[in-house]
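For reference, the structure is listed below as structure tokens.
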There are 2 protein chains.
Amino acid sequence: MPSPLPDPATLDKRKTQARSWFEKLRDDISAAFEAVEDDLPATAPLGGRAPGRFVRTPWTRVGGPDGGGGVMAMMTGRVFEKVGVHCSTVHGEFAPEFRKDIPGAESDPRFWASGISLIAHPQNPHVPAVHMNTRFVTTTRAWFGGGADLTPVLNRRRTQSDPDTIAFHAAMKAACDAHAKVAPYDKFKAWCDEYFFLKHRNEPRGIGGIFYDYLDTGDWEAEFAFTQAVGRAFLKIYPELMRKNFTTPWNDTEREEQLVRRGRYVEFNLLYDRGTIFGLRTGGNVESILSSMPPVVKWP
Amino acid sequence: MPSPLPDPATLDKRKTQARSWFEKLRDDISAAFEAVEDDLPATAPLGGRAPGRFVRTPWTRVGGPDGGGGVMAMMTGRVFEKVGVHCSTVHGEFAPEFRKDIPGAESDPRFWASGISLIAHPQNPHVPAVHMNTRFVTTTRAWFGGGADLTPVLNRRRTQSDPDTIAFHAAMKAACDAHAKVAPYDKFKAWCDEYFFLKHRNEPRGIGGIFYDYLDTGDWEAEFAFTQAVGRAFLKIYPELMRKNFTTPWNDTEREEQLVRRGRYVEFNLLYDRGTIFGLRTGGNVESILSSMPPVVKWP
């Protein structure tokens with residue numbers, strides 16, 4: 001049941017609050033990830049390399065009624081083989097072919113959207129890859145969407161009984177349960193399992209997490225608090241999982257397993273991911289959209 | 001203007017002739033490629049390795065009214081980092097969502113299709129990657145489709161003035177010109193440029209070649225002769241281009257350029273290639289369809 005939009009001043013205030021949060025979260029995550037880079041012991045694999053640092057690249061969106069832009073923040077380091085943490089705030093008009101599929105866009109194609117998106121591909125095959133994204137979108141309606149999901153790359157760790165899996169699910173459950181009125185954990189967990197699934201291979205992308213979209217319950221404050229909770233939960237759990245695993249040595253077989261598993265990630269992103277496909281079709285920032293692609297991949 | 005199908009006995013004879021040709025061509029190409037592996041001088045890069053040999057894996061298509069199958073032939077060697085030459089002959093019914101888009105399938109969803117498809121990813125960045133595919137399809141209509149296109153992986157050789165580009169285009173033009181009544185070269189060349197184009201990057205996949213589909217002029221014998229000419233032209237020109245380049249040493253920068261360029265190949269196949277997307281959506285043989293993916297790829 002869609003809620004009516006608030007008055008323009010309130011909506012503007014919410015946009016500003018959401019955007020500020022996403023950018024604050026980006027800064028906090030960047031700092032936390034750089035700290036993980038710093039903390040890799042010299043005795044760990046790749047510990048002799050220099051710690052990585054994020055490089056930020058602003059970009060601007062242009063063309064007709066479209067505007068806004070964002071900042072790509074990319075890092076290649078000794079823990080992160082490739083990680084991107086991007087914020088963007090854009091506005092424009094949906095092309096006719098998309099209007100039907102987007103809530104509130106059929107009567108008026110104008111939209112505004114702000115969000116953070118993150119994909120990390122670690123060097124160490126014992127450290128799982130991860131994805132996190134949250135966003136606030138307005139058309140003639142307004143909603144939050146997002147989620148976070150974990151992709152262990154070693155087959156023996158891609159199980160629901162793995163300690164990392166259990167810890168990640170627990171973190172996401174806690175974020176939902178603290179805002180249970182707007183964030184039903186079981187629903188968001190099942191949505192994640194359904195969304196991050198490679199139909200052509202009949203296999204899940206990772207071990208799951210949460211996924212939600214069109215979150216529009218009438219209680220914006222609670223939805224915003226939940227969105228912040230997802231970000232904070234991610235900010236706490238993922239560096240923990242990295243530190244737990246980042247000193248574990250790996251062998252060539254494990255590296256090969258990682259590179260092949262990354263191929264599934266590519267397949268998912270280009271065949272199914274709505275954000276990727278939508279972004280590429282609508283003239284989004286190609287560098288930013290495809291910055292999620294793994295650094296090295298094998299299809300043997 | 002669609003031609004009427006011939007009588008069933010004639011159609012059956014044509015199916016058998018087409019299938020036999022594709023399988024004969026596969027055998028000839030396999031032998032030619034193994035000879036290229038054998039002929040790499042010991043002093044060339046990777047010349048100390050053992051020559052590769054094709055491994056054939058038959059597969060069967062099952063499910064409801066669907067049947068048939070094929071043989072995957074894959075080789076990893078010292079000239080070819082990964083090459084697949086596949087034949088398949090399948091029949092079945094198109095799912096309702098595809099019937100509208102396929103000539104002759106709206107009134108009767110049954111189809112039969114036989115073809116050969118080939119993608120080669122060479123070790124040496126100086127040797128261009130290549131794709132070739134020809135097929136004969138019947139619904140309530142019948143047609144040939146296919147083509148061949150070349151993808152040099154070094155930027156400085158991705159030009160229309162490169163000797164390899166000129167030689168490849170000349171080979172395809174000769175195949176068309178010998179059957180000009182059914183194979184207008186300019187049209188098929190332009191179709192190739194249009195099809196193998198990465199819209200999101202506004203760049204061509206390679207340097208082109210020819211592409212054709214729904215070839216149904218009323219002169220089946222000429223169309224079949226042209227299809228054979230495309231296969232023979234490929235069989236002659238590509239081993240020539242390999243031999244011309246396969247002793248050229250390469251450096252790390254060139255290898256990196258190759259691996260990044262292969263990323264564009266992956267993007268094309270998963271975002272745009274009709275055969276790949278159609279195959280994956282219709283429950284085709286995943287291993288066979290995705291065997292076209294490059295062995296190692298980088299998105300830096």
Say a paramagnetic label sat at a point 7 Å from the Cα of A:ARG53, along Cα to Cβ; which residues of segment A:61-88 have their backbone N under 15 Å from it? A:74-78
Considering every Cα-Cα pair within segment B:235-283, what fraction, in whole percent, is farther apart than 19 Å? 55
Going by a 1.4 Å probe on protein heavy atoms, which residues of segment A:198-235 end up with at least 20 Å² less accessible surface in the whole assembly than in their chain alone? A:HIS200, A:ARG201
Accessible surface, per residue, of the protein assembly as shown when the full set of protein chains is kept, probe 1.4 Å, Å²: 41
Residue-wise, which Karplus ³J(HN,Hα) couplings in Hz belong to segment A:70-78, taking 6.51 cos²θ - 1.76 cosθ + 1.60, θ = phi - 60°, and x for glycine or proline? x, 10, 8, 10, 10, 9, 10, x, 9
Considering Cα pairs under 8 angstrom that are at least six residues apart, work out the relative contact order of segment A:67-214 and quote it in whole percent. 18
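So how strong a dipole does the protein assembly as shown carry about its Cα centre when Lys and Arg Cβ are +1 and Asp and Glu Cβ are -1, to the nearest 20 debye?
Using only the charged Cβ atoms, the result is roughly 580 debye.
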Report the label-to-label distance for B:ALA174 and A:LEU5 in nanometres (one decimal), using points 7 Å from each Cα along the Cα→Cβ vector. 6.5
FRET efficiency for A:GLU97 and B:THR282, using Cβ-Cβ distance with R0 set to 30 Å, rounded to 0.05: 0.80
For chain A, what relative contact order do you get, as a whole percent, if you take Cα pairs closer than 8 Å and at least 6 residues apart? 17
Can you pull out the buried accessible area for chains A and B, both sides counted, probe 1.4 Å, rounded to the nearest 100 Å²? 1700
I'd like the mean, over residues of B:289-296, of how many other protein chain beta carbons sit within 10 Å of each residue's own Cβ. 4
Taking Cα pairs under 8 Å and at least six residues apart, what relative contact order does segment A:150-300 come out at, in percent? 25
Label-to-label distances across copies for B:ASP12, with labels 7 Å out along Cα→Cβ, in nm, shortest first? 7.8
Cα-based reach from B:LYS244 at 19 Å (exclusive), listing aspartates and glutamates while leaving out same-chain residues under 8 positions away: B:GLU34, B:GLU37, B:ASP38, B:ASP39, B:GLU81, B:ASP149, B:ASP162, B:ASP164, B:GLU254
Is there a pair in B:LYS13/B:LYS187; A:LYS24/A:LYS236; A:LYS13/A:LYS100 whose C-alpha atoms are over 20 Å apart, and which pairs would that be? B:LYS13/B:LYS187; A:LYS13/A:LYS100
May I ask for the distance between the Cα centers of segment A:29-80 and segment B:1-57, given as a whole number of Å? 47
Straight distance only, please: which lysines reach the Cα of B:LYS298 with their own Cα at less than 26 Å, same-chain residues fewer than 8 apart left out? A:LYS82, A:LYS199, A:LYS298, B:LYS82, B:LYS199
Need one number: the % of Cα-Cα pairs in segment A:170-214 sitting beyond the 11 Å mark. 64
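In terms of solvent-accessible area of protein heavy atoms at a 1.4 angstrom probe, what is the ranking of A:VAL71, A:VAL62, A:VAL90, highest value first?
Highest to lowest solvent-accessible surface, that is A:VAL62, A:VAL71, A:VAL90.
With a cut-off of at most 16 other beta carbons within 10 Å, and DSSP calling the residue loop, which GluC sites (Glu not before Pro) in segment B:64-165 qualify? Please list them.
Working: sites: B:GLU81, B:GLU93, B:GLU97, B:GLU106; in loops: B:GLU106.
Within segment B:64-165, the qualifying GluC sites (Glu not before Pro) (loop, at most 16 other Cβ atoms within 10 Å) are B:GLU106.
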Report the dimensions of chain B along its three principal axes from the alpha-carbon atoms, largest first, rounded to Å. 58, 39, 38
At q = 0.11, 0.16, 0.20, 0.21 Å⁻¹, base-10 log of I(q)/I(0) for segment A:168-300 (Debye sum, equal scatterers on each alpha carbon): -0.52, -1.06, -1.33, -1.35
Against the empirical 2.2 N^0.38 Å scaling, what ratio does the C-alpha Rg of segment B:147-241 come to? 1.09
Scanning chain B for helices, which whole DSSP H stretches are 20 Å or more long along the axis (Cα) and average 0.0 or more by Kyte-Doolittle? B:163-177
Unit charges at the beta carbon, dipole of segment A:1-140: most positive-side option, A:ALA35, A:ILE116, A:PRO4: A:ALA35
Taking amide hydrogens as modeled 1.01 Å from N in the peptide plane, which residues meet the under 5 Å criterion relative to A:GLY68, leaving out close sequence neighbours? A:ARG61, A:HIS91
Tell me what chain B gives for mean residue ellipticity at 222 nm when only DSSP H runs of n ≥ 4 count, each as -39,500 (n - 2.57), the sum divided by the residue total, rounded to 500 deg cm²/dmol. -13000 deg cm²/dmol
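Once you list every other residue whose beta carbon is under 12 Å from the beta carbon of B:ARG243, what net charge do they have if Lys and Arg are +1 and Asp and Glu are -1?
Overall, the nearby charge balance is -3.
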Env charge @ A:ARG99, Cβ radius under 14 Å, K,R +1 / D,E -1, value -1
Normalized C-alpha radius of gyration of the protein assembly as shown, against 2.2 N^0.38 Å? 1.05
Can you pull the mean other chain C-beta count within 10 Å for peptide A:253-264? 1
Rounded to the nearest Å, the spacing of the alpha-carbon centers of segment B:206-246 and segment A:112-176 is 47
Identity and axial distance of the chain B residue whose Cβ lies nearest the axis relating B to A, Å: B:LEU270, 2
Added length on full extension, which subtracts the Cα-Cα distance from 0.36 nm per residue, B:ARG110 to B:THR43: 18.7 nm
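The values are calculated or read from the model by the stated rules, or taken from the named source; none is laboratory data. Small disclaimer: the values here were computed from a predicted structure and weren't measured. Glycine gets a Cβ as well: all are built from the backbone with ideal geometry, and neighbour counts include every protein chain shown. Just so you know, the surface numbers come from the protein's heavy atoms only, side chains and all, with ligands and any DNA or RNA stripped out. Shrake-Rupley method; radii C 1.70, N 1.55, O 1.52, S 1.80 Å.
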